[in-house]
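Q: Dropping the structure in here first, questions after.
The values are calculated or read from the model by the stated rules, or taken from the named source; none is laboratory data. Just so it is clear, the structure is predicted and the values come from calculations on it, not from any experiment. Neighbour counts run over all protein chains shown; Cβ positions are idealised from the backbone, glycine included.
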Amino acid sequence: MERPWLRSWPEGVPKTIDYPTSSVAGILAKAAKESPEAVATQFYGARLTYREIDAAASRFAGGLRRIGVKPGDRVSLLMPNCPQFVIAFFGVLRAGGIVVQTNPLYTPRELQEMYRDAGVETVVCADLFFKNVAKAKPLSGVKRVVVTDIKEYLPGLLAALYPIKKKKDYGKIVIPVEPWVHRFQDLVASGPVTREPTDMNDVAVLQYTGGTTGTPKGAMLTHRNLVVNAHQSIAWFPGLKPTQEKFLCAIPFFHVYGLTIALLGPITIAATMVIHANPREIEGIMKLITKTKPAIFPGVPTMYIAIVNHPKVSSYDLKSIRACISGAAPLPPEVRKKFEAMTGGKLVEGYGLTEASPVTHCNPIYGRYKEGIGIPLSDTDAKVVDIETGTRDLGVGESGELAIRGPQVMKGYWNRPDETAHVMTKDGWLLTGDIAVMDEDGYFRIVDRKKDMIIASGYNVYPKSSRSAGSSLPRSRCRSILSS
């Protein structure tokens, strides 16, 4: 097929990549082996090295096995960004499990629906959200819950003060002593487990999404999908220096955008993840940038808008920022220009969807910028097809449905072969449901949605007839994350 975007290809970015053949957990193992003393996480001043994170993940895997988790089991992670999320994510994979990404803000009913659909028997959660998990448990099939307290990985003074703030914000939290309740640190104290090599086509993550219909379903993201997209995304930042970079990780790991861009991507180069738990604390984020000097800051437009319009922005030093990719909604041109003038760095708009792990397009960070979603990433094909049948390719300037093909495209929807067949063609194209236009240089713009949709508080809301009763699970587009 013709690929006009290759004529606009950014310097320093490979057009094709030699991807590792190891599993997702292998990304962490490689970083720990090659750069054991590099700082992996920086969480409110507390630091953990890659050696420490890798060892904790292996022990946590052993703990999961000890309490009954078997290879192939689905394990829900219900936490904000914190070191426990990183340890648990890789621990589940090393135990042979499948991670079910879960929004901590889900109601008991939403948790119940998701857990029943995915067949979740084990939940790893922060104590802040235990009450909702306990309410969902009786009718969900959940057999065991592992509970952690955020203070477990905070530095000394903050760990001492945190319970006071927690009680003020959440009231008294009581974790019962029951055979089905386990403590995170007890699992981390277990003997380590090292998994045998994993088939790259095995499912690593179930990421729930409304897909192209608004009906919640689990996108099956394989080890290969996620390893590939992590390397594709990192390759888009030319000039990164392994072990020497810092990423500001404020977008949530539980969303596929944060998982790939803020968690897996940095680990591929043994970068430091400067973790912030709440993406809405804009002044806290500016303080963190000033103090820790991260260079890479993936985010959503609402974050950048809030920063450029913040009354105290001039009080903070944001000059360390070199590059940012914005997802989740269209990036206003004036915001991009203001942010770049303020920081001296680059801010570009990208595009993705859960079914593609998620990133497929981005404007060049150092190259020609055009308003829109940019050009396809390395090893990614894209085209515009007719809306009616999805079988007829359209030309330059014609609007139609955006179709994507690449190694990051999902295996399919969990237990929904019919839904999978609606969006994936026999020759490997994913029909996104977004209406796009491609120009003569291979740059794409999203101009509409194939189906009607309302955006409320940053989440995509569908008519009741197109959603399962009572569900408010967000759908797939990176445009739907944490903008509320």
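Q: Within the range 367-392, work out how many residues are free of Cβ contacts under 8 Å to residues at least 24 places away in the same chain and closer than 29 Å to I325 by Cα.
A: The qualifying residues number 1.
Q: Examine the range 310-328 for a residue that is of a type in the set (D, E, K, R), at pLDDT 95 or above and either under 21 Å from P10 (Cβ atoms) or in a helix (DSSP H, G or I) (or both), and state whether such a residue exists.
A: The answer is yes, given that some residue of the range 310-328 is of a type in the set (D, E, K, R), at pLDDT 95 or above and either under 21 Å from P10 (Cβ atoms) or in a helix (DSSP H, G or I) (or both).
Q: Right, another one. Within the set of pairs 6+ apart or on separate chains, which have a first residue in the range 195-213 that is within 15 Å of K70 (Cβ to Cβ) and of a type in the set (S, T, Y), a second that is at pLDDT 85 or above and not in a loop (DSSP other than H, G, I, E, B), and C-beta atoms under 6 Å apart?
A: T198/H223
Q: I've got another one for you. Evaluate the range 244-264: report whether one residue or more is surrounded by fewer than 24 Cβ atoms within 10 Å (Cβ to Cβ) and in contact with a His (Cβ under 7 Å, 6 or more places away or on another chain).
A: No.
Q: For residues in the range 432-457 being out of contact with any Lys or Arg (no Cβ under 7 Å at 6 or more places or on another chain) and of a type in the set (S, T, Y), which is modelled with the highest pLDDT?
A: Per the stated criteria, the residue is T432.
Q: I would also like to ask the following. Residues in the range 173-188: is at least one farther than 22 Å from F85 by Cβ and either assigned to a helix (DSSP H, G or I) or among the hydroxyl-bearing types (S, T, Y) (or both)?
A: no
Q: Take G45 and decide whether it is touching a residue at least 60 places away in the same chain (Cβ under 8 Å), touching a helix residue (DSSP H, G or I) at 6+ places or on another chain (Cβ under 8 Å) and on the phi > 0 side of the Ramachandran plot. Talk me through it step by step, then tell me what you get.
A: Numbers: touching a residue at least 60 places away in the same chain (Cβ under 8 Å): yes; touching a helix residue (DSSP H, G or I) at 6+ places or on another chain (Cβ under 8 Å): yes; on the phi > 0 side of the Ramachandran plot: yes.
Criteria met by G45.
Q: Another one. Is one or more of the residues making up the range 129-141 part of a loop (DSSP other than H, G, I, E, B) and farther than 25 Å from L28 by Cα?
A: yes
Q: Working carefully through the options P311, P330, P364, find the one that is out of contact with any helix residue (DSSP H, G or I) (no Cβ under 6 Å at 6 or more places or on another chain) and more than 19 Å from G442 (Cα to Cα).
A: P311
Q: Quick check on this structure: which one of T107, T148 is modelled with pLDDT of 95 or more and farther than 25 Å from A25 by Cβ?
A: Unique residue meeting the criteria: T107.
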